[in-house]
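Student: Before anything else, here's the structure in question.
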Amino acid sequence: MEALWKYRFEICIACSGALLFINILLPDFLSDGINLCMLFLFLMSIILLKLSTINEHLKTKIHQGGNL
């Protein structure tokens, strides 16, 4: 789980790229929700990146003495 958390942004980009590649190869098969899936993956990657930043900020504050 920690390895997935470490590469979460890259995994979301890879999934988005795979969806785009499939959309190019099979436009009739996957054209109906691909933009929604891409938007969902993009937003989730941004949320995970922000949560990671908050987590690192809280870790440094706790190690400095706990004053938030």
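Student: Which residues, taken from the range 18-32, are modelled with pLDDT of 75 or more and either surrounded by 12 or more Cβ atoms within 10 Å (Cβ to Cβ) or among the small types (Gly, Ala, Ser) (or both)?
Tutor: ALA18, LEU19, ILE22
Student: To continue, here is another question. Suppose we keep only residues that are modelled with pLDDT of 75 or more and more than 25 Å from PHE9 (Cα to Cα) within the range 33-68. Which one would you say is least open to solvent (accessible area, probe 1.4 Å)?
Tutor: So, considering only residues that are modelled with pLDDT of 75 or more and more than 25 Å from PHE9 (Cα to Cα), the one least open to solvent (accessible area, probe 1.4 Å) is GLY65.
Student: Moving on. Applying the selection to the range 3-17, what residues are among the basic types (Lys, Arg) and open to solvent by less than 60 Å² (accessible area, probe 1.4 Å)? Show your work before the answer.
Tutor: Residues of the range 3-17 that are among the basic types (Lys, Arg), as a first pass: 6, 8.
Result: ARG8, single match.
The values are calculated or read from the model by the stated rules, or taken from the named source; none is laboratory data. Treat the numbers as computed from the prediction; the structure is a model and nothing was measured. Heads up, the Cβs are rebuilt from the backbone with ideal geometry, glycines too, and the neighbour counts pull from every protein chain shown. Accessible surface is based on the protein model in full, side chains and every heavy atom, while ligands, DNA and RNA are left aside. Shrake-Rupley method; radii C 1.70, N 1.55, O 1.52, S 1.80 Å.
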